[in-house]
Amino acid sequence: MPPPVFRFAPSPNGYLHLGHAYSALLNVDLARRVGGKLLLRIEDIDATRCRPEFEAAIYEDLAWLGIGWEKPVRRQSEHFARYLEAVDALSARGLIYPAFESRAEIAALVAERERAAPWPRDPDGTPLYPGMAKSLAPAARRRLLEQGVPYALRLDMAAACEGAQDLAWTERGEGPGGETGNVAARPQAWGDVILARKETPTSYHLAVVIDDSLQGVTDVVRGRDLFWSSSVHRLLQHLLGLPQPAYRHHPLVTDASGQKLSKSTDATALRELRRQGATPADIRRLVGLPEGPP
């Protein structure tokens with residue numbers, strides 16, 4: 001039987017902080033405990049924010065923590081063609097449509113609708129897509145595409161969920177409300193999520209399920225802020241015929257005010273803590289992990 005496969009998948013859009021250290025160390029500890037492998041994936045699909053110096057710093061910080069990983073490292077920016085294949089497959093089934101509104105136009109639409117009643121929001125608190133692009137006449141849609149108008153490719157959630165009412169995932173950690181074990185997926189709570197854009201042929205949701213499948217990931221260990229994203233991931237796994245890993249969502253490392261750590265907060269950056277004299281053992285203590293590997 002092949003060994004379990006874990007992965008740590010940071011984005012190179014800033015320096016790693018204590019929250020990243022906790023997730024990376026927890027992954028490596030769990031992998032060692034069960035004789036598994038740890039993969040490193042660089043999630044760099046956002047070309048406007050991801051920078052080579054941040055990617056180099058990821059390797060440096062993880063090595064300083066004593067974390068090793070399987071080679072080669074998968075960089076998402078090198079696999080856009082594979083993600084586009086999945087987009088085309090979903091599009092051929094009529095499950096994707098282009099939406100042409102800008103972020104400002106969407107905000108205005110939400111504000112207009114909220115004059116009458118509160119507009120629904122997804123589990124992250126973002127308003128659900130309020131536009132009417134799904135009902136655009138084919139000729140109007142074709143004209144906008146030919147004009148080169150920017151667009152987002154959205155999943156037709158209602159159509160995608162037909163025949164997928166009983167989706168669930170195995171949760172080995174705990175959700176924000178104490179959810180664990182067999183957790184029912186609720187992808188409808190996210191509305192018509194974006195799966196790609198004109199300039200980028202994938203989104204986090206789509207890339208992550210494809211990568212986990214291609215890399216043979218069996219155990220996804222990540223922060224609790226992504227707990228309900230698993231609903232979308234289970235739906236995409238179902239639609240694309242991909243295997244489902246087990247999930248373990250862990251508590252977040254927060255600052256003194258209880259807020260999730262940000263890459264812009266220098267005080268918790270691993271590089272800054274190292275500069276101040278912290279050791280890898282200090283980092284393990286700061287994030288509440290045992291001082292040595294299990």
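A few notes on this one:
- Using the Cβ-Cβ distance between Asp156 and Ala278 with R0 set to 45 Å, the FRET efficiency from 1/(1 + (r/R0)^6) comes to roughly 0.40.
- Placed amide H near Arg7: partners under 5 Å, 5+ positions off or other chain: Leu39, Val221
- Straight Cα distances below 19 angstrom link Lys71 to the aspartates and glutamates Asp29, Glu43, Asp44, Glu55, Glu60, Asp61, Asp211, Asp212, Asp219, with same-chain residues fewer than 8 positions distant left out.
- Direction-averaged projected area, Cα convex hull, the chain: 17.3 nm², rounded to one decimal.
- For the peptides 11-19, 45-53, 197-205, the ranking by packing is 11-19, 197-205, 45-53, with the highest mean count of neighbouring Cβ atoms within 10 Å listed first.
- Mean-position separation - Cα centroids, region 236-254 and region 1-43, in angstrom: 14
- For Lys198, the aspartates and glutamates whose Cα comes closer than 15 Å to its Cα, not counting residues fewer than 8 places off in the same chain, are Asp46, Glu85, Asp88, Glu101, Glu146.
- Fewest-first sequence of Trp169, Trp190 by Cβ atoms within 10 Å of each Cβ: Trp169, Trp190
- Residues whose amide H comes within less than 5 Å of that of Thr202, counting only those at least five positions distant or on another chain, are Arg197 (H built at 1.01 Å from N in the peptide plane).
- Summary of the geometry: region 190-218 and region 70-136, compared by the centres of their Cα atoms, lie 11 Å apart.
- Backbone N within region 2-17 under 13 Å of label point (7 Å from Trp64 Cα along the Cβ vector): 15-17
- Residues Asp166, Asp225, Asp192, arranged from fewest to most other Cβ atoms within 10 angstrom of their Cβ, appear as Asp166, Asp225, Asp192.
- Working from Cα pairs under 8 Å separated by at least six residues, relative contact order for region 140-294 is 22 percent.
Each reported figure results from applying straightforward, stated rules to the coordinates on display, with no laboratory input. Quick caveat: nothing in here was measured; it's all calculated off a predicted structure. With ideal geometry, Cβ positions are generated from the backbone for all residues, glycine too; neighbour counts draw on all protein chains shown.
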